Amino acid sequence: MTILANGMVVAGTSLLVFSLILVRRMARQLPAGGIRRRWGLLTAMIIAFVPGYITYGSVARNSFRGPLDLIVPVIFFFGAVFVLLVSTLSLETALDVRRIYTLEQESITDALTGTYNRRYLDRRLDEEVLRARRYGFALAVLLLDIDHFKQINDEHGHPFGDGILASLSQIVMNSVRKTDVVARYGGDEILVDRHPHPAGGCGRAGRTIAAAG
(Lines give C-alpha, C1' and ligand atoms only; values in the text may rest on other atoms or scores of the structure.)
Protein backbone atom coordinates (compact mmCIF):
# COMPACT_ATOMS: atom_id res chain seq x y z
CA MET A 1 0.00 0.00 0.00
CA THR A 2 2.79 2.40 0.95
CA ILE A 3 4.71 1.63 -2.23
CA LEU A 4 1.61 2.22 -4.37
CA ALA A 5 0.78 5.53 -2.67
CA ASN A 6 4.33 6.81 -2.85
CA GLY A 7 4.56 5.68 -6.46
CA MET A 8 1.46 7.72 -7.36
CA VAL A 9 2.87 10.83 -5.71
CA VAL A 10 6.22 10.42 -7.45
CA ALA A 11 4.53 9.73 -10.80
CA GLY A 12 2.28 12.76 -10.34
CA THR A 13 5.29 14.95 -9.60
CA SER A 14 7.06 13.68 -12.72
CA LEU A 15 3.99 14.35 -14.86
CA LEU A 16 3.77 17.91 -13.54
CA VAL A 17 7.42 18.53 -14.41
CA PHE A 18 6.84 17.21 -17.93
CA SER A 19 3.68 19.33 -18.22
CA LEU A 20 5.73 22.36 -17.23
CA ILE A 21 8.07 21.74 -20.15
CA LEU A 22 5.11 21.49 -22.57
CA VAL A 23 3.45 24.65 -21.23
CA ARG A 24 6.65 26.67 -21.52
CA ARG A 25 7.16 25.40 -25.06
CA MET A 26 3.62 26.34 -25.99
CA ALA A 27 3.97 29.81 -24.45
CA ARG A 28 6.89 30.45 -26.78
CA GLN A 29 4.57 29.86 -29.74
CA LEU A 30 2.32 32.72 -28.66
CA PRO A 31 2.86 36.42 -29.36
CA ALA A 32 3.55 38.70 -26.42
CA GLY A 33 0.34 39.85 -24.79
CA GLY A 34 -2.47 38.88 -22.47
CA ILE A 35 -2.81 35.28 -23.61
CA ARG A 36 0.89 34.62 -23.15
CA ARG A 37 0.78 36.18 -19.68
CA ARG A 38 -2.11 33.92 -18.69
CA TRP A 39 -0.17 30.86 -19.77
CA GLY A 40 2.68 32.24 -17.71
CA LEU A 41 0.32 32.23 -14.74
CA LEU A 42 -0.46 28.56 -15.40
CA THR A 43 3.27 27.87 -15.50
CA ALA A 44 3.67 29.53 -12.10
CA MET A 45 0.83 27.41 -10.69
CA ILE A 46 2.40 24.18 -11.94
CA ILE A 47 5.73 25.23 -10.45
CA ALA A 48 3.95 25.81 -7.12
CA PHE A 49 2.28 22.38 -7.30
CA VAL A 50 5.59 20.51 -7.71
CA PRO A 51 7.02 21.35 -4.25
CA GLY A 52 3.55 20.69 -2.82
CA TYR A 53 3.60 17.16 -4.21
CA ILE A 54 7.15 16.63 -2.98
CA THR A 55 6.31 17.94 0.51
CA TYR A 56 3.23 15.75 0.77
CA GLY A 57 5.17 12.70 -0.36
CA SER A 58 7.91 13.35 2.19
CA VAL A 59 5.54 13.95 5.10
CA ALA A 60 3.10 11.11 4.40
CA ARG A 61 5.35 8.47 2.85
CA ASN A 62 5.10 6.16 5.88
CA SER A 63 1.51 6.86 6.89
CA PHE A 64 -0.35 4.86 4.23
CA ARG A 65 -2.11 1.95 5.94
CA GLY A 66 -5.40 1.24 4.16
CA PRO A 67 -7.42 1.93 0.99
CA LEU A 68 -8.74 5.23 2.36
CA ASP A 69 -5.19 6.50 2.61
CA LEU A 70 -4.92 6.21 -1.17
CA ILE A 71 -7.57 8.87 -1.81
CA VAL A 72 -5.18 11.83 -1.74
CA PRO A 73 -2.40 10.11 -3.76
CA VAL A 74 -4.99 9.07 -6.38
CA ILE A 75 -6.31 12.64 -6.58
CA PHE A 76 -2.76 13.96 -6.89
CA PHE A 77 -1.91 11.47 -9.62
CA PHE A 78 -5.00 12.02 -11.78
CA GLY A 79 -4.77 15.76 -11.22
CA ALA A 80 -1.29 15.63 -12.73
CA VAL A 81 -2.60 13.46 -15.58
CA PHE A 82 -5.28 16.07 -16.27
CA VAL A 83 -2.70 18.88 -16.35
CA LEU A 84 -0.53 16.83 -18.71
CA LEU A 85 -3.43 16.16 -21.08
CA VAL A 86 -4.45 19.82 -21.16
CA SER A 87 -0.86 20.88 -21.77
CA THR A 88 -0.39 18.33 -24.55
CA LEU A 89 -3.62 19.22 -26.34
CA SER A 90 -2.90 22.94 -26.01
CA LEU A 91 0.57 22.58 -27.47
CA GLU A 92 -0.67 20.43 -30.37
CA THR A 93 -3.44 22.93 -31.08
CA ALA A 94 -1.02 25.87 -31.03
CA LEU A 95 1.38 24.09 -33.39
CA ASP A 96 -1.46 23.13 -35.75
CA VAL A 97 -2.76 26.71 -35.83
CA ARG A 98 0.75 27.96 -36.55
CA ARG A 99 1.20 25.44 -39.39
CA ILE A 100 -2.15 26.40 -40.90
CA TYR A 101 -1.26 30.09 -40.70
CA THR A 102 2.12 29.43 -42.35
CA LEU A 103 0.52 27.45 -45.16
CA GLU A 104 -2.10 30.14 -45.66
CA GLN A 105 0.57 32.84 -45.87
CA GLU A 106 2.61 30.80 -48.33
CA SER A 107 -0.46 30.28 -50.54
CA ILE A 108 -1.06 34.05 -50.89
CA THR A 109 2.54 35.31 -50.91
CA ASP A 110 4.88 35.70 -53.87
CA ALA A 111 8.03 33.79 -52.97
CA LEU A 112 10.42 36.16 -54.79
CA THR A 113 9.19 39.59 -53.74
CA GLY A 114 7.46 38.87 -50.43
CA THR A 115 4.37 40.71 -51.65
CA TYR A 116 0.95 39.14 -52.12
CA ASN A 117 0.53 37.03 -55.24
CA ARG A 118 -1.92 37.40 -58.13
CA ARG A 119 -4.37 34.88 -56.66
CA TYR A 120 -4.80 36.91 -53.48
CA LEU A 121 -4.85 40.19 -55.41
CA ASP A 122 -7.74 39.13 -57.66
CA ARG A 123 -9.82 38.10 -54.66
CA ARG A 124 -8.97 41.25 -52.72
CA LEU A 125 -9.74 43.55 -55.65
CA ASP A 126 -13.17 41.96 -56.08
CA GLU A 127 -13.88 42.56 -52.38
CA GLU A 128 -12.63 46.16 -52.49
CA VAL A 129 -14.62 47.05 -55.61
CA LEU A 130 -17.81 45.62 -54.10
CA ARG A 131 -17.18 47.51 -50.84
CA ALA A 132 -16.46 50.74 -52.70
CA ARG A 133 -19.67 50.45 -54.72
CA ARG A 134 -21.77 49.58 -51.70
CA TYR A 135 -20.57 52.38 -49.44
CA GLY A 136 -19.66 54.96 -52.05
CA PHE A 137 -15.96 54.85 -51.21
CA ALA A 138 -13.22 56.08 -53.54
CA LEU A 139 -10.74 53.44 -54.64
CA ALA A 140 -7.25 53.96 -56.08
CA VAL A 141 -4.93 51.46 -57.74
CA LEU A 142 -1.28 52.15 -58.57
CA LEU A 143 0.46 49.94 -61.12
CA LEU A 144 4.27 50.02 -61.39
CA ASP A 145 6.37 48.24 -63.96
CA ILE A 146 10.10 48.28 -64.76
CA ASP A 147 11.01 49.56 -68.19
CA HIS A 148 13.18 47.28 -70.35
CA PHE A 149 13.19 44.58 -67.72
CA LYS A 150 13.83 41.87 -70.31
CA GLN A 151 16.96 43.72 -71.36
CA ILE A 152 18.14 43.75 -67.72
CA ASN A 153 17.67 39.99 -67.51
CA ASP A 154 19.41 39.42 -70.86
CA GLU A 155 22.43 41.58 -70.02
CA HIS A 156 22.90 40.82 -66.31
CA GLY A 157 21.14 37.51 -65.80
CA HIS A 158 17.89 36.49 -64.12
CA PRO A 159 19.30 36.45 -60.56
CA PHE A 160 20.20 40.12 -60.96
CA GLY A 161 16.73 40.86 -62.31
CA ASP A 162 15.17 38.99 -59.40
CA GLY A 163 17.16 41.19 -57.03
CA ILE A 164 15.82 44.30 -58.75
CA LEU A 165 12.25 43.06 -58.39
CA ALA A 166 12.73 42.16 -54.73
CA SER A 167 14.33 45.54 -53.95
CA LEU A 168 11.56 47.46 -55.72
CA SER A 169 8.92 45.49 -53.85
CA GLN A 170 10.53 46.27 -50.49
CA ILE A 171 10.72 49.96 -51.34
CA VAL A 172 7.03 50.00 -52.26
CA MET A 173 5.97 48.04 -49.15
CA ASN A 174 7.94 50.41 -46.93
CA SER A 175 6.31 53.42 -48.60
CA VAL A 176 2.62 52.56 -48.23
CA ARG A 177 0.25 52.15 -45.30
CA LYS A 178 -0.30 48.85 -43.57
CA THR A 179 -3.89 48.83 -44.82
CA ASP A 180 -2.77 48.99 -48.47
CA VAL A 181 -2.24 45.83 -50.48
CA VAL A 182 1.01 45.37 -52.41
CA ALA A 183 0.99 42.48 -54.87
CA ARG A 184 3.00 41.16 -57.79
CA TYR A 185 0.64 41.67 -60.70
CA GLY A 186 2.82 40.19 -63.42
CA GLY A 187 6.43 39.38 -64.19
CA ASP A 188 7.81 42.86 -63.55
CA GLU A 189 4.64 44.62 -62.40
CA ILE A 190 3.84 45.63 -58.83
CA LEU A 191 0.32 46.75 -57.97
CA VAL A 192 -0.73 48.79 -54.94
CA ASP A 193 -4.38 48.68 -53.93
CA ARG A 194 -5.20 51.72 -51.81
CA HIS A 195 -7.73 50.90 -49.10
CA PRO A 196 -11.09 52.65 -49.75
CA HIS A 197 -11.80 55.98 -48.07
CA PRO A 198 -15.15 57.77 -47.76
CA ALA A 199 -16.13 59.35 -51.05
CA GLY A 200 -14.25 62.58 -51.57
CA GLY A 201 -11.47 61.61 -49.18
CA CYS A 202 -9.16 60.70 -52.05
CA GLY A 203 -10.46 63.33 -54.43
CA ARG A 204 -10.68 62.66 -58.13
CA ALA A 205 -7.44 60.74 -58.03
CA GLY A 206 -9.11 58.15 -55.88
CA ARG A 207 -11.27 57.09 -58.82
CA THR A 208 -8.40 56.64 -61.25
CA ILE A 209 -5.97 53.92 -62.08
CA ALA A 210 -2.48 55.37 -62.11
CA ALA A 211 0.27 53.62 -64.05
CA ALA A 212 3.97 54.33 -63.82
CA GLY A 213 6.48 52.67 -66.08
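From the list Gly186, Gly203, Gly213, Gly157, which residue is modelled with pLDDT under 90 and on the phi > 0 side of the Ramachandran plot?
Exactly one residue qualifies, and that residue is Gly203.
Output the qualifying pairs, or none if there are none: Cβ atoms under 8 angstrom, residues six or more apart or on different chains, first residue in segment 26-49 and among the charged types (D, E, K, R), second residue in a helix (DSSP H, G or I).
Arg36/Ala27
Does segment 47-55 contain at least one residue that is under 21 Å from Arg98 (Cα atoms) and under 31 Å from the mean Cα position of the chain (by Cα)?
Within segment 47-55 (the criterion being under 21 Å from Arg98 (Cα atoms) and under 31 Å from the mean Cα position of the chain (by Cα)), the answer is no, since none of the residues qualifies.
In this structure, does Leu42 turn out to be aliphatic (A, V, I, L, M) and over 16 Å from the mean Cα position of the chain (by Cα)?
yes
Applying the selection to segment 62-89, what residues are at pLDDT below 85 and either within 33 Å of the chain's Cα centre (by Cα) or not hydrophobic (A, V, I, L, M, F, W, C) (or both)?
Answer for segment 62-89, where residues must be at pLDDT below 85 and either within 33 Å of the chain's Cα centre (by Cα) or not hydrophobic (A, V, I, L, M, F, W, C) (or both): Asn62, Ser63, Arg65, Gly66, Pro67, Asp69, Pro73.
Go through (1) free of Cβ contacts under 8 Å to residues at least 40 places away in the same chain; (2) out of contact with any Leu (no Cβ under 9 Å at 6 or more places or on another chain); (3) aromatic (Phe, Trp, Tyr) one by one and return the number of the condition Phe76 breaks.
Of everything listed in (1) free of Cβ contacts under 8 Å to residues at least 40 places away in the same chain; (2) out of contact with any Leu (no Cβ under 9 Å at 6 or more places or on another chain); (3) aromatic (Phe, Trp, Tyr), Phe76 misses just condition (1).
Conditions first: (1) without any contact (Cβ under 8 Å) to a residue 60 or more places away in the chain; (2) closer than 19 Å to Ala111 by Cα; (3) in contact with a strand residue (DSSP E or B) (Cβ under 7 Å, 6 or more places away or on another chain). Leu121 passes all but one, so which condition is the exception?
The number of the failed condition is (1).
Of the conditions (1) more than 12 Å from Ala183 (Cβ to Cβ); (2) polar (S, T, N, Q); (3) surrounded by 11 or more Cβ atoms within 10 Å (Cβ to Cβ), Thr109 clears all except one; give me its number.
(1)
Can you pull out the residues in segment 140-161 that are touching a residue at least 40 places away in the same chain (Cβ under 8 Å) and of a type in the set (Gly, Ala, Ser)?
Once the filter is applied, which keeps residues that are touching a residue at least 40 places away in the same chain (Cβ under 8 Å) and of a type in the set (Gly, Ala, Ser), segment 140-161 yields only Ala140.
Exactly one condition in (1) crowded, with 16+ Cβ neighbours inside 10 Å; (2) within 30 Å of Tyr101 (Cα to Cα) is false for Gly33; which is it?
(1)
The values are calculated or read from the model by the stated rules, or taken from the named source; none is laboratory data. Every value quoted in this text rests on a predicted model; they were computed, and no experiment measured them. So basically every Cβ, Gly included, is an ideal-geometry build from the backbone, and we count neighbours across all protein chains shown.
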